[in-house]
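Report on the structure given below.
The values are calculated or read from the model by the stated rules, or taken from the named source; none is laboratory data. Being a predicted model, the structure only gives us computed values, none of them experimental. Every residue, glycine among them, receives a Cβ derived from its backbone with ideal geometry; neighbour counts consider all protein chains shown. Only protein heavy atoms, including side chains, enter the accessible area calculation; ligands, DNA and RNA are left aside. Shrake-Rupley method; radii C 1.70, N 1.55, O 1.52, S 1.80 Å.
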Amino acid sequence: MNKVGFFKSIQFKIVLVYTLLILLAMQLIGVYFTDSLKTMQLNSFEESLVNQSKLIAVNIGEVLRESRDTNIDDPSQMADQISSQFSEVDNIREIEVIDENRVIVAADDKQSVGKSTTNDLIIQNLSSTTANKYRRTDGSSGERVDIVTVPIMVDSQRYGVLYVEKSFEGVYAQLQLINKILATATIFSLLITAILGFFLARTITKPLVQMQRQVLAVSQGNFNRKVDMIEKDEIGQLAAAFNNMTTKLREATSTTESERRKLKSVLTYMTDGVIATDRKGNVILMNNRAEELLGVYRNDVIGNSILDLLRIRNDYRIMDLYGLTESIVLDFSSDQQTVLLRANFSIVKKENGLANGLIAVIHDVTEQEQVDMERREFVANVSHELRTPLTTMKSYLEALQDGAVDDPKLAAKFLDVTQKETERMIRLVKDLLQLSRLDAKEYKLNLQRTNYVLFCEEIIDRFEMTKNQNIQFNRRLPKGSFYVQIDRDKLTQVIDNILSNAMKYSPEGGLITFQVTRRGNKIRTAISDQGVGIPKENLAKVFERFYRVDKARSRKLGGTGLGLAIAKEMIEAQGGEIWAESEWNRGTTIHFILPLDRESDQR
């Protein structure tokens with residue numbers, strides 16, 4: 001850290017402030033003192049002049065009364081007698097006695113005696129009965145003077161006015177001398193204050209310098225050093241507070257580091273992607289899950305716009321994202337797979353409430369969107385499957401209503417078709433209800449220990465006895481007893497459905513192979529036909545609801561398209577697996593496996 005110059009140091013600032021405060025105080029005191037002294041001196045000078053003028057006016061009145069009693073009519077002699085009274089006031093600048101006719105009776109300037117006065121101030125006060133005082137500045141010399149006018153009374157009768165004018169310059173000379181003395185004292189006080197302030201500042205700045213070194217050590221990460229408390233004054237309290245702050249800062253740093261590691265761990269193992277941006281929308285942070293979902297590396301996209309990262313630049317601007325309240329769906333699908341992401345945006349704000357960036361949370365909603373799509377397709381398929389027989393029934397019933405009922409053969413045919421469509425709708429509704437219960441787990445398995453080979457033999461025997469087609473069954477059943485824990489009714493429904501489909505799609509004279517083999521602790525069943533088969537690209541869809549290879553033929557044979565979907569649910573409910581193998585025009589094989597009973601294994 002660079003050393004601070006003296007004129008930039010706290011020590012100099014303390015001395016400067018201390019000196020300026022003393023200077024200000026001295027100035028305020030000096031201004032107040034000199035102003036008060038000036039007012040007092042001028043008022044005292046003026047009051048003294050008024051009193052002296054009143055005394056002279058009284059003496060002049062006595063002189064005039066005696067002159068009247070002795071019949072002295074000589075103006076010159078009277079002027080001399082009056083002028084003899086002027087000695088009562090020293091340093092007179094101008095003094096005159098004027099009668100009521102504005103004639104100067106006596107004056108310090110003998111040449112003006114007997115002349116008529118032209119002084120406006122005298123003329124103004126000729127009729128006044130009280131003493132008046134005025135302060136004026138001589139326009140020619142600039143001298144400041146005090147003027148007093150006092151009425152002259154002779155035997156209680158007004159005779160004239162006494163005009164006295166005396167200079168203030170002596171008073172102002174004394175005030176100037178006092179100001180010089182006060183300025184000299186102020187300068188000496190400032191010098192002494194600066195010297196004392198320097199030593200006083202050192203007592204404050206020395207501990208601060210020591211504390212500065214400790215702060216520098218703390219800023220470099222050393223939280224173990226302590227500031228020595230030399231005194232128990234405010235500086236000592238500051239040192240104690242600093243030591244306490246260092247301890248809490250060490251604890252806070254440790255807590256922050258721990259929280260940072262926790263946050264990093266949370267972001268690393270979150271199932272959702274998280275992206276943080278700065279105020280301009282440039283990416284500054286993203287977790288591992290975001291990399292996986294978006295198929296990018298964070299080092300390649302840090303600093304890039306989130307609009308480019310999410311591929312939404314053509315649809316949104318950064319300001320649009322700040323005002324976005326709903327989530328948006330992002331399509332990151334490729335030729336190999338479908339990837340749908342949902343992005344939610346929230347604003348990161350400063351303490352003053354201003355926006356400082358964005359947080360984007362990315363969810364993988366591929367499965368959810370596919371479920372929603374399947375649900376919509378399911379509703380559409382149900383509607384279509386119900387609409388087709390209803391439309392057929394409506395057409396035949398309208399035909400019967402229009403007169404076909406009168407033709408016995410035609411009526412019987414129409415009613416037979418209507419009955420078949422009704423039965424197909426009943427089967428469809430039953431299958432839908434059964435699927436609904438399976439989806440909602442609203443069923444209870446009635447598991448029974450069953451000899452699986454005999455169980456299959458009974459089902460095949462039943463089909464051979466009731467078949468209407470020229471179809472042969474090839475039994476490949478193992479010798480011996482293999483026991484399983486199954487719900488006989490539900491598994492019978494599964495095998496019936498598979499065998500029914502095999503018979504429907506097998507050609508005349510075809511062969512259906514029913515094979516049972518043991519694979520470890522499981523038993524495997526394979527039912528094969530010689531039908532049209534299933535295209536390889538559609539093989540994974542055979543267990544989907546309403547899927548048909550040949551939709552027209554399936555409806556003609558009375559299928560609902562739900563049999564294999566129900567079979568899949570029932571097999572999986574009993575702990576098994578089911579799948580299909582097929583080649584187009586070479587037949588289809590349905591496989592399913594079930595776990596063997598443990599007691600069977602022990603035997």
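Odds and ends about this structure:
- Residues of the stretch 226-247 that are within 23 Å of Tyr18 (Cα to Cα) and open to solvent by less than 30 Å² (accessible area, probe 1.4 Å): Gly236 alone.
- The residues on offer are Ile318, Ile328, and the sole one that is free of Cβ contacts under 8 Å to residues at least 24 places away in the same chain, open to solvent by less than 100 Å² (accessible area, probe 1.4 Å) and β-branched (Val, Ile, Thr) is Ile328.
- Taken together, the residues in the stretch 456-470 that are over 12 Å from Phe514 (Cβ atoms) and either aromatic (Phe, Trp, Tyr) or touching a residue at least 24 places away in the same chain (Cβ under 8 Å) (or both) amount to 3.
- Matching residues in the stretch 110-163 - criterion: being closer than 22 Å to Gly61 by Cβ, part of a strand (DSSP E or B) and of a type in the set (Val, Ile, Thr): Ile147, Val148, Thr149, Val150, Ile152, Val154, Val161
Every residue, every condition in (1) out of contact with any His (no Cβ under 8 Å at 6 or more places or on another chain); (2) surrounded by fewer than 12 Cβ atoms within 10 Å (Cβ to Cβ); (3) in contact (Cβ under 8 Å) with a residue 60 or more places away in the chain; (4) assigned to a loop (DSSP other than H, G, I, E, B), yes or no:
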position: Gly221; (1), (2), (3), (4): yes, yes, no, yes
position: Asn224; (1), (2), (3), (4): yes, yes, no, yes
position: Val283; (1), (2), (3), (4): yes, no, no, no
position: Val296; (1), (2), (3), (4): yes, no, no, yes
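- Which listed residue is over 60 Å from the mean Cα position of the chain (by Cα), among the hydrophobic types (A, V, I, L, M, F, W, C), open to solvent by less than 40 Å² (accessible area, probe 1.4 Å) and modelled with pLDDT of 80 or more, from Ile122, Ile72: Ile122
- Summed over the stretch 174-191, residues that are among the polar types (S, T, N, Q) and in contact (Cβ under 8 Å) with a residue 24 or more places away in the chain total 4.
- Residue check, Leu310 over 14 Å from Lys280 (Cβ atoms), within 24 Å of the chain's Cα centre (by Cα), at pLDDT below 90 and open to solvent by less than 30 Å² (accessible area, probe 1.4 Å): yes
- Filter result for the condition that a residue is in contact with a Phe, Trp or Tyr (Cβ under 9 Å, 6 or more places away or on another chain) and in a helix (DSSP H, G or I), over Leu238, Leu267, Leu249, Leu263: Leu249
- Taking the criterion of being open to solvent by less than 50 Å² (accessible area, probe 1.4 Å), of a type outside the set (A, V, I, L, M, F, W, C) and more than 38 Å from the chain's Cα centre (by Cα), the residues of the stretch 192-219 that qualify are Thr193, Gly197, Thr205, Pro207.
- Subset of the stretch 155-186 (residues that are hydroxyl-bearing (Ser, Thr, Tyr) and under 18 Å from Ile92 (Cα atoms)): Tyr163, Ser167, Tyr172
Listed here are the residues, each with its yes/no results for (1) open to solvent by less than 80 Å² (accessible area, probe 1.4 Å); (2) modelled with pLDDT under 85; (3) aromatic (Phe, Trp, Tyr); (4) closer than 28 Å to Gln212 by Cβ.
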| position | (1), (2), (3), (4) |
| --- | --- |
| Met1 | no, yes, no, yes |
| Gln11 | yes, yes, no, yes |
| Tyr18 | no, yes, yes, yes |
| Ala25 | yes, yes, no, no |
| Gly30 | yes, yes, no, no |
| Leu49 | yes, yes, no, no |
| Gln52 | yes, yes, no, no |
| Ala57 | yes, yes, no, no |
| Gly61 | yes, yes, no, no |
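- Consider the stretch 88-104 and keep the residues that are open to solvent by 20 Å² or more (accessible area, probe 1.4 Å) and not charged (D, E, K, R). The one that is farthest from Leu64 (Cα to Cα) is Asn91.
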